[in-house]
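Undergrad: Quick one: the structure is below, questions incoming.
The values are calculated or read from the model by the stated rules, or taken from the named source; none is laboratory data. Remember, it's a predicted structure, so these values are computed and weren't measured experimentally. We place every Cβ from the backbone using ideal geometry, glycine too, and count neighbours over all the protein chains shown.
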Amino acid sequence: MKFLTLASVALLAGSAAAAPGTALRRERNRQRAAGRKGNPMIKSDGPAGIAAANISNVEYSSNWAGAVLIGTGYTSVTASFVVPTPSTTGSGSAWVGIDGDTCDTAILQTGIDWTKSGSSITYDAWYEWYPDYAYDFSGITLAAGNTVKVTVTASSLTAGTAVIENVSTGTTVTHTFTGGVDGDLCEYNAEWIVEDFEENGSLVTFADFGSVEFTGCSATTSSGTVGTTGATIIDIEQNSKVLTSCSVPSSSEVLCTYV
């Protein structure tokens, strides 16, 4: 969501918790103690965000970095990237998705998380239909340097698939959403995002991830396949400090670097 404040994010999270299926989701998430959850884009109200308010094609956010296409009829988004090696304590994620910027009722997304704690670095592959929580895939392992391909496809406004392929190991996992979700897609946005995600109600410490380069980026629309040309570039700004530098080097790439 482009103009959410932190207070309204908390309100939204509370509303989502009260939606139908709450008891079922709580039971499904009982063993997922971390409570990892993505959010729509939270527009930054810091100096960079204010300065960029009148600059075309650039936005600042407290939780998203990357590139977003804004239009209509986006039904599939895909890209590949190399699993990064974070160098500081904290977490982050990289994913592709549909909606969450100019449409805030739902996000269909899939990607990976990383967490560095001491000398240990862990990775998870997940899928999510916001406003529900993210759920880990089973049957796939990730390691720094692996190439992964991530794809989401909407078959309707309430159904679709999330696919992650570890190209380096030859393993593919898929989750199918068959309806019964808490929010309808608008199909207004296609995204390639590095995120500072939410855990237990607040943003996690954002790790220095080095760089994530999405390659082979494409989105399917009602009129054909498009690349990243014309996408809005987003960088993360927190506590008046810009933490990322993202760009669109070509029509099939999105590059984000921690700064």
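Undergrad: Which members of segment 62-80 meet the condition of being modelled with pLDDT of 95 or more and part of a loop (DSSP other than H, G, I, E, B)?
TA: The answer is Gly71, Thr72, Gly73, Tyr74, Thr75.
Undergrad: Hey, among the residues in segment 66-118 that are among the small types (Gly, Ala, Ser) and in contact with a Cys (Cβ under 7 Å, 6 or more places away or on another chain), which one's surrounded by the most Cβ atoms within 10 Å (Cβ to Cβ)?
TA: Among those residues, the one meeting the criterion is Gly66.
Undergrad: If you check Ser211, Ser168, Ser202, which single one turns out to be farther than 15 Å from Ile98 by Cα, over 17 Å from the mean Cα position of the chain (by Cα) and surrounded by fewer than 20 Cβ atoms within 10 Å (Cβ to Cβ)?
TA: Only one candidate qualifies: Ser168.
Undergrad: Which members of segment 228-241 meet the condition of being buried (at least 18 other Cβ atoms within 10 Å of the Cβ) and not hydroxyl-bearing (Ser, Thr, Tyr)?
TA: Ala231, Ile233, Ile234, Asp235, Ile236, Glu237 - these are the residues of segment 228-241 that are buried (at least 18 other Cβ atoms within 10 Å of the Cβ) and not hydroxyl-bearing (Ser, Thr, Tyr).
Undergrad: Can you tell me which residue in segment 132-156 is nearest to the chain's Cα centre (by Cα), limited to those that are free of Cβ contacts under 8 Å to residues at least 40 places away in the same chain and buried (at least 18 other Cβ atoms within 10 Å of the Cβ)?
TA: Phe137
Undergrad: Somewhere in segment 163-174, is a residue at pLDDT below 95 and not in a strand (DSSP E or B)?
TA: Checked against the condition, which is being at pLDDT below 95 and not in a strand (DSSP E or B), segment 163-174 yields no hits at all.
Undergrad: Can you find even one residue in segment 161-178 that is touching a residue at least 12 places away in the same chain (Cβ under 8 Å) and either at positive phi or touching a Pro at 6+ places or on another chain (Cβ under 8 Å) (or both)?
TA: No, segment 161-178 has no match at all.
Undergrad: Out of all the residues in segment 12-27, is one or more at pLDDT 50 or above and not in a loop (DSSP other than H, G, I, E, B)?
TA: Taking every residue of segment 12-27 in turn, none turns out to be at pLDDT 50 or above and not in a loop (DSSP other than H, G, I, E, B).
Undergrad: Sticking with this structure for a sec: Counting just the residues of segment 235-259 that are more than 18 Å from Pro84 (Cβ to Cβ) and β-branched (Val, Ile, Thr), which one comes out farthest from the chain's Cα centre (by Cα)?
TA: Among those residues, the one meeting the criterion is Val242.
Undergrad: Would you please name the residue that is farthest from Thr153 (Cα to Cα), looking only at residues in segment 66-114 that are under 11 Å from the mean Cα position of the chain (by Cα) and among the polar types (S, T, N, Q)?
TA: Taking the candidates together, the pick is Ser93.
Undergrad: Related question: If I filter segment 106-115 for residues that are more than 20 Å from Val254 (Cα to Cα) and in a strand (DSSP E or B), do I get at least one hit?
TA: yes
To keep it simple, each residue is scored yes or no on (1) of a type in the set (Val, Ile, Thr); (2) within 24 Å of Thr176 (Cβ to Cβ); (3) modelled with pLDDT of 95 or more.
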position	(1), (2), (3)
Ser8	no, no, no
Gly35	no, yes, no
Val82	yes, no, yes
Gly97	no, yes, yes
